[in-house]
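Throughout, read-outs are computed from the coordinates displayed, never taken from laboratory work. Since we're looking at a predicted model, the values are computed, not measured. Positions of Cβ are backbone-derived with ideal geometry, glycine not excepted, and every protein chain shown enters the neighbour counts.
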Ligand SMILES: Cc1cc2nc3c(=O)[nH]c(=O)nc-3n(C[C@H](O)[C@H](O)[C@H](O)COP(=O)(O)OP(=O)(O)OC[C@H]3O[C@@H](n4cnc5c(N)ncnc54)[C@H](O)[C@@H]3O)c2cc1C
């Protein structure tokens with residue numbers, strides 16, 4: 001006989017695990033299905049988990065027991081040309097105190113630790129199981145088809161938390177597959193590079209347990225839309241890059257080659273000197289945010305986390321895990337409310353959308369919905385890093401010639417690179433996206 005659950009959650013990433021934890025704690029019969037050998041086995045991200053009040057509510061002072069690498073006390077944004085770089089370096093000692101503004105993590109450890117919390121609460125974790133489709137009764141989703149011997153699984157509600165390529169949201173008719181192509185998708189690559197902890201602390205100028213997050217724009221991607229990063233773990237560095245899939249194709253270059261040449265940049269080479277490659281992984285990432293979101297609910301189904309494109313990306317900030325946890329929480333809460341009414345219709349589950357709209361999740365994604373258009377502007381990856389580095393060079397270079405005042409320096413650094421008209425247009429675009 002086909003087994004029936006109150007809820008089936010597909011994907012044991014931060015979104016799915018949170019939803020499973022919330023529902024299991026409410027006494028519901030929950031299955032958490034994961035294709036990896038264990039939660040986190042197949043998951044990667046850049047590496048900084050920004051503070052989640054939702055997680056703190058679910059697991060008070062989670063930082064005391066979660067497998068955290070380092071507390072991020074410095075955030076650096078670096079604009080680079082092939083020879084030079086200009087950095088905005090922000091340090092805050094308060095970020096090194098609980099509840100910690102951001103911490104570095106390795107997903108293979110964090111996701112596993114977190115999913116165990118859902119299991120402890122009573123959820124049934126089913127690893128090594130790929131879900132291929134939803135089962136429907138008319139319009140209503142009533143279960144899933146999984147690649148397993150025991151057959152299909154039925155449930156009052158299915159939560160699709162299966163990440164950026166969400167097959168389930170598509171199969172349930174909530175997302176059109178061509179949407180994935182129409183909006184920006186980043187292809188990403190990440191290396192974990194082993195380095196002794198003392199070397200990290202010396203090189204990145206941080207104390208034990210403290211860490212640095214550096215984001216790079218400009219020559220790191222050779223002018224292709226994207227960014228690179230280096231984040232410090234306990235005794236390794238997370239180094240990687242996210243680049244727009246379409247731009248990468250246009251430039252006929254692989255992301256692996258870009259990463260290699262990034263490591264050769266003079267500002268990067270000394271940071272990674274002597275480090276040995278421990279792990280390499282690649283992934284896709286939705287950039288489109290609010291504009292890329294599918295319908296979030298249907299009869300018997302909800303979509304959470306990356307599956308719903310809930311990634312907050314402005315070029316300066318990249319947050320996905322805290323958004324995934326919050327959306328999983330509200331999905332779980334919406335299902336609890338639906339169960340109390342025994343009504344799993346789309347109308348009843350639309351409560352999920354309302355909860356998200358009242359929270360930072362949809363408020364932030366909505367406020368910064370124009371960021372994706374700004375990020376598609378090639379000048380942010382070519383002209384502006386070049387302009388900033390030239391401006392600094394013109395300011396600091398001593399060559400025996402009379403010096404220019406600031407406005408003159410600016411005009412000299414802009415010459416042949418950008419017109420006043422384009423500068424004004426880009427300023428307007430940035431204002432719309434960020435201010
Ligand atoms: C290169 C890169 C850097 C990033 N950097 C950061 C960062 O520094 N900070 C940050 O907060 N966010 C970052 N993000 C975003 C962040 O990783 C995601 O937003 C977050 O992981 C989303 O969580 P999720 O649970 O929705 O999806 P995921 O973490 O992708 O989890 C989905 C789960 O579903 C499983 N699954 C998928 N399909 C199936 C199926 N058919 N059947 C069964 N199981 C399935 C997967 O194995 C996976 O475990 C980054 C992303 C990338 C790609």
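Brief remarks follow.
- Note on the stretch 276-339 and the stretch 1-64: Cα centroid distance 12 Å, given to the nearest whole angstrom.
- Highest average packing first - 375-386, 327-338, 259-270, Cβ atoms within 10 Å: 327-338, 375-386, 259-270
- Nitroxide proxy distance, nm - points 7 Å out along Cα→Cβ at residue 94 and residue 435: 2.6
- In this calculation the C-beta distance from residue 278 to residue 343 is compared with R0 = 35 Å, giving a FRET efficiency of 0.10.
- Theoretical FRET efficiency, 1/(1+(r/R0)^6), r = Cβ-Cβ of residue 366 and residue 253, R0 30 Å, to 0.05: 0.30
- The stretch 397-435 versus the stretch 73-122: alpha-carbon centroid distance in Å: 33
- Likely footprinting exposure, 25, 107, fewest C-beta neighbours within 10 Å first: 25, 107
- Normalised contact order of the stretch 185-286, rounded percent, pairs of Cα under 8 Å and 6 or more residues apart: 42
- Computed label-point distance, nm, for sites residue 87 and residue 350 using a 7 Å Cα→Cβ extension: 5.1
- Stretched out straight at 0.36 nm per residue, the stretch from residue 207 to residue 38 would grow longer than its current Cα-Cα span by 57.6 nm.
- On Cα atoms only, tilt of 107-120 relative to the major axis of the chain in degrees: 30
- Annotation: the antiparallel percentage among DSSP beta bridges lying fully within the chain is about 70.
- Contact order, relative form, for the stretch 239-370: 21 percent (alpha carbon pairs under 8 Å, 6 or more residues apart, mean separation divided by residue count).
- Grouping the Cα pair distances of the stretch 374-434 into 5 Å bins from zero gives a pair-distance distribution of 4, 17, 24, 23, 15, 10, 5, 3, 0 percent in increasing distance order.
- Ellipticity at 222 nm from helices only: DSSP H runs of n ≥ 4 in the chain, each -39500 (n - 2.57), divided by the residue count, give -10000 deg cm²/dmol.
- Only Cα pairs under 8 Å and 6+ residues apart enter the sum, and on that basis the relative contact order of the chain stands at 20 percent.
- Convex hull of Cα atoms in the stretch 1-70, direction-averaged projection (nm²): 6.0
- Cα-Cα pairs of the stretch 238-339 separated by more than 16 Å (percent): 69
- Using alpha-carbon coordinates, inclination of helix 14-25 to the longest axis of the chain, degrees: 30
- Compactness check for the stretch 185-286: Cα Rg over 2.2 N^0.38 Å is 1.07.
- With all pairs of different C-alpha atoms in the average, the Kirkwood value for the hydrodynamic radius of the stretch 307-356 is 11.9 Å.
- Scattering profile of the chain at q = 0.12 Å⁻¹ [log10 I(q)/I(0), Debye over alpha-carbon scatterers]: -1.00
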